[in-house]
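Visitor: Sharing a structure here in structure tokens format.
The values are calculated or read from the model by the stated rules, or taken from the named source; none is laboratory data. Worth saying up front: this structure is predicted, and the values here are computed from it rather than measured. Cβ coordinates were reconstructed from backbone atoms using ideal geometry, including for glycine residues, and neighbour counts include every protein chain displayed. The accessibility values were calculated without ligands, DNA or RNA, using every heavy atom of the protein model including side chains. Shrake-Rupley method; radii C 1.70, N 1.55, O 1.52, S 1.80 Å.
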Amino acid sequence: GLFHMSRKISIMSKPRIAPNLRWRVDGENDQIVIVHKDDFALPRILNQVAAKIFHLCDSNNTIEAIAEKVAGEFEIADFSILLSEVSECARLFVEKGILEE
């Protein structure tokens, strides 16, 4: 466990929100608050972009499709940077048990 290499998530991967996760939408910007997970301080609040990524992880969208939707909504110029950030965000979420690949 402790020394596992962190790997990148494929942009064709279609992650989904972990079935045992408890979360709610809160605040005026529809922030996501993750209320139940063992390995981080609660509650964990996701910023708007992360929340958007979280919502789009419904096992239908690939990482690439998620990045395209985020780019459209937040008017992000450099798609390749965004794509790697979305992929990194998803990888972190999978690592934390928020998403499943």
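Visitor: If you take the residues in the range 44-54 that are crowded, with 16+ Cβ neighbours inside 10 Å and of a type outside the set (D, E, K, R), which one is farthest from Trp23 (Cα to Cα)?
Guide: Top of the filtered list is Val49.
Visitor: Could you list, in sequence order, the residues of the range 1-49 that are under 21 Å from Ser84 (Cα atoms), in a loop (DSSP other than H, G, I, E, B) and modelled with pLDDT of 70 or more?
Guide: Of everything in the range 1-49, those that are under 21 Å from Ser84 (Cα atoms), in a loop (DSSP other than H, G, I, E, B) and modelled with pLDDT of 70 or more turn out to be Lys8, Ile9, Ser10, Ile11, Met12, Ser13, Lys14, Pro15, Asn47.
Visitor: What residue, among those in the range 59-85 that are assigned to a helix (DSSP H, G or I) and hydroxyl-bearing (Ser, Thr, Tyr), is most open to solvent (accessible area, probe 1.4 Å)?
Guide: Step by step, filter the range 59-85, then rank; the result is Ser80.
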